[in-house]
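For reference, the structure discussed in these notes is given below.
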């Protein structure tokens, strides 16, 4: 049976930490920030609001431009069914 996307862990961008790291830089505008990262301003806006998940390429661009490690901005979220405990009858 093929696995569903909900069966796999998600890689989640910590939006608040991302915003905090951007504020530490001297980039004045959202457009300038997007340009430094190498993504569109619309994509940046959606990432910051948590509306989309970044692609592998976008993750690489974010980490490279902010000079951060993967664990600084991203975490793994397990599917909710994995955290449900069952009891024996």
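For the residues 57, 73, the requirement of being in contact with a strand residue (DSSP E or B) (Cβ under 7 Å, 6 or more places away or on another chain), modelled with pLDDT of 90 or more and at negative phi singles out 73.
Report yes if residue 11 is touching a helix residue (DSSP H, G or I) at 6+ places or on another chain (Cβ under 8 Å) and modelled with pLDDT of 90 or more, otherwise no. No: the conditions fail for residue 11.
The residues in the range 20-35 that are closer than 21 Å to residue 70 by Cβ and either modelled with pLDDT under 90 or surrounded by 14 or more Cβ atoms within 10 Å (Cβ to Cβ) (or both) can be counted, and the count is 5. Only one of the listed residues (68, 63) is in contact with a helix residue (DSSP H, G or I) (Cβ under 8 Å, 6 or more places away or on another chain), modelled with pLDDT of 90 or more, on the phi < 0 side of the Ramachandran plot and part of a loop (DSSP other than H, G, I, E, B). That residue is 68. Considering 21, 53, the condition of being touching a residue at least 12 places away in the same chain (Cβ under 8 Å) and part of a helix (DSSP H, G or I) is satisfied by 21 alone.
Checking the structure you have, find out if any residue of the range 39-47 is surrounded by 14 or more Cβ atoms within 10 Å (Cβ to Cβ) and in contact with a strand residue (DSSP E or B) (Cβ under 9 Å, 6 or more places away or on another chain). Among the residues of the range 39-47, at least one is surrounded by 14 or more Cβ atoms within 10 Å (Cβ to Cβ) and in contact with a strand residue (DSSP E or B) (Cβ under 9 Å, 6 or more places away or on another chain), which makes the answer yes.
The values are calculated or read from the model by the stated rules, or taken from the named source; none is laboratory data. Because the structure is predicted, anything quoted here is derived from the model rather than measured. Virtual Cβ from ideal backbone geometry, glycine too; neighbours counted across all protein chains shown.
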